[in-house]
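Structure record follows, encoded as C-alpha cells.
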Amino acid sequence: MARTYNGIRELRADTVTINDWGGSSMAAAEQYPKKCMGRTDRTFSQGLQCQQINSVMALLSMEDAAFVVHSPLGCAGCCSMANDWFRVGQIHRGSFALKNARVLVSNLDERDIVHGGEAKLREALHLAWERYTPKLIFVFTSCASGIIADDVDAISTEVNDELPYTKIIPIHCEGFKSKVCASGYDAAFLAITKYVLADEPRGETIPGLLNLFAPPTVSYMDQLEIERILGAIGIETNYIPFYSSLEKIQKLSRAQGSTAICKVFADEFMKELEDRYGIPYSHTIMPIGTRNTDRWLRGVAQIMDKEAEAEVYIARERETCLPLVEDLRAKLTGKRVFICGGTGRSFAAAALIDDFGMKLVGMETPTYDDEAQPDVEKLNRIHGDFVLDVANMMPFEQVNLLKKLKPDVFIGVPVWAARLGLPTTHVLDIKRPTMGYRNLVYLGSKIAAQIENPGYNVKIAAHAHLPYKESWYESDAFKFIQ
Ligand code: SF4
C-alpha cells in the first residue's frame, strides 16, 4: 500500500510524538519504547510556535516567488523575522542591493470571519501578480481561514487560470492543526509535491547530484562548509529550499540521492521522493561535532557510492581539526551544560559537547519520538542521566531548571538564560557558523570565550529581571505537566 502522510506529525502512524513531558533522561529512554510516556499535556502553557511561520520561513527566500498570507494581520507578524533572515542571508552571499521578501497579507477582519474572506484572497493574489509577476505565488493559510473554511485551493486554481506564467501553490499550515511546528515544513513540501512535482516527469539522473535539504536556520557559512565537504568527495549539491528557485525544485527528480541537514526537515519529503522517483536518501544526524559530521558524511557517501572517498577525507579532516579541538578541550573539560534547541540541533549539540569533554546536565527539546529515542539512549551512554524537558517555548520551566541546575554555560536561544547572568552561546544560528569540521572549532572557541568572560550577561542580569516569584523557583518545574 502506498505511504500516505497528511502533514500532521502527531498523527503519523509509524511513530508516537510526545510534546509535553519532563523528567530524567534515563526514565524517558526506558518509558518511551514501552509507550509509558503517556499523552500528557500542560495545564499552563506560555506559548507555542505556530507551524505557519515554519512554512513561511522555509520558502521566503525563494528568488522567483511572492507570498500571500491569508490571515489576520497578526499571523503575519513573524514574517518580519523571516525577512530579517532573508536580508542577512543576502549580505552573507555578497549582495549589497538588499531586497525585502515579497509578502502580502490578506488582512482578514471580523467582517470576513462572518462573511468569508475569499474576495480578499483573490484581491491579494492579483495584487501579488501585478506588483511582482513571480513564477510562483505561495498562499499560506491560517487558523482564521481554516475555521471559516475559505476554499483556498479552489480560489488558487481559479485565479491561476486568470494569471499567465505563474503557478499558485496553497499551503495548508493552519496553526491549530499541529503542536509540532516542524509540521509547517511538511505542509510546504506537501504543497510542492502536489502542485509542482505532480506535473513533472522524472528527468534523466545526474550522477553525483545530491538534493541537500536545509532549514532556514542554517547560516551561509554552514552551507559553504557542507558544500566544501561534499565537493571534496565529488558530490554536487542541489541546495533546497533556502535561496533556491523553481528551477532547483524542478531538478529534484534528477538527483542521485537526497539528504537533509536537520533530522526533522524534509524527512517525510525525502520518503516521498524515494516512493515517487526511487531516489535513495540518507537520514542520520545533523553534522555538528566531529563524530556527528563523520556519521552524517558516511550516510551520504553510502547512497552516493563514495564510501572510499569519504573515509580518506574524514581521516584527513580529523588530522587537521582534532589538534585544535584538543586545545579547546583543555579549557572546556568538565564544564556543565544546559542545551535548548530544535529537535535535531539539541541532540546533535549534546553529542558535540562531548568532543570538548563537557557534561550535559539539562536539555530542552520540542518533541520526543522514534527519532529521538536512539539519540537519548546515546546521550545517556555519553553523559549519564540528565534532566529532559520536552517543551516548545516554555521559558518558565527553563529558568526554573537553570536556577536549580546552575550550569556553567547555556547553549541555545539565550534570551532568558542571559537574564540569569549565565554564559550563553548559540547553536545553529542563521548569522553564525556551527556545522562541519571547521565550524566546530569556531563554536568551541565561542563557548570558551563566553565562559571566560560572561560580563555582558552579568550586566544584563543586574538590570533585567525575570517576571517570576521566588516561590516558582522552589516549585517542581514540571508541576503543570499532567
Ligand atoms: S495561524 Fe493560528 S496559531 Fe498561527 S499565528 Fe495565526 S492564529 Fe496563531
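One table, with the values for the structure above:
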quantity: Estimated FRET transfer efficiency when R0 is 41 angstrom, pair Arg316-His126 (beta carbons, to 0.05); calculated: 0.15
quantity: Dimensions in Å of the stretch 51-199 - Rg and Dmax from alpha carbons; calculated: 14.7, 48
quantity: Separation in nanometres of the label points that stand 7 Å from Cα toward Cβ, at Lys194 and Lys35; calculated: 3.0
quantity: Amide H partners (placed H, <5 Å) of Ser258, local residues excluded; calculated: Asn211, Tyr281, Ser282
quantity: Normalised contact order of the stretch 51-199, rounded percent, pairs of Cα under 8 Å and 6 or more residues apart; calculated: 33
quantity: Efficiency of FRET from Cβ geometry, Gln302 and Ser445, R₀ 25 Å, rounded to 0.05; calculated: 0.20
quantity: Beta bridges by DSSP in the chain, antiparallel share as percent, to the nearest 5; calculated: 15
quantity: Computed label-point distance, nm, for sites His283 and Lys404 using a 7 Å Cα→Cβ extension; calculated: 3.4
quantity: Alpha-carbon Rg with Dmax, taken over the chain, Å; calculated: 22.7, 67
quantity: Span from the the stretch 182-232 Cα centroid across to the the stretch 302-362 one, whole angstrom; calculated: 24
quantity: Average accessible surface area per residue within the chain, 1.4 Å rolling probe, Å²; calculated: 41
quantity: Positive-pole candidate from Asn19, Ser71, Val427, dipole of the chain, charges at beta carbon; calculated: Val427
quantity: Label zone at Gln482, where the point sits 7 Å out along the Cα-to-Cβ direction: the stretch 22-41 residues whose backbone N lies under 16 Å; calculated: 22, 39-41
quantity: Cα→Cβ-extended label distance, 7 Å offset, between Asn453 and Leu324, nm; calculated: 2.1
quantity: Inverse mean reciprocal Cα-Cα distance (Kirkwood Rh) of the stretch 327-474, Å; calculated: 15.5
quantity: Alpha-carbon radius of gyration plus Dmax, which is the widest Cα pair, for the stretch 284-383 in Å; calculated: 14.5, 40
quantity: The stretch 420-481 and the stretch 106-143: distance between their alpha carbon centers, rounded to Å; calculated: 40
quantity: The chain, relative contact order [Cα under 8 Å, separation at least 6], %; calculated: 18
quantity: The stretch 209-310, relative contact order in percent, only Cα pairs under 8 angstrom and at least six apart counted; calculated: 27
quantity: Dipole magnitude of the chain, debye to nearest 20 (Cβ charges: Lys/Arg +1, Asp/Glu -1, about Cα centre); calculated: 1320
quantity: q = 0.10, 0.16, 0.24, 0.25 Å⁻¹, the stretch 209-310: log10 I(q)/I(0) [Debye, one scatterer per Cα]; calculated: -0.23, -0.61, -1.52, -1.65
quantity: Stretchable slack from Ile147 to Ala119, in nm (0.36 nm times residue separation minus alpha-carbon distance); calculated: 8.4 nm
quantity: Hypothetical label at Glu474: residues of the stretch 398-439 whose amide nitrogen lies under 19 Å (7 Å Cα-Cβ projection); calculated: 399-406
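The values are calculated or read from the model by the stated rules, or taken from the named source; none is laboratory data. If you're wondering where the values come from, they're calculated on a predicted model, not measured in any experiment. Every residue, glycine among them, receives a Cβ derived from its backbone with ideal geometry; neighbour counts consider all protein chains shown. Calculation scope for accessible area: heavy atoms of the full protein, side chains included, ligands and nucleic acids excluded. Shrake-Rupley method; radii C 1.70, N 1.55, O 1.52, S 1.80 Å.
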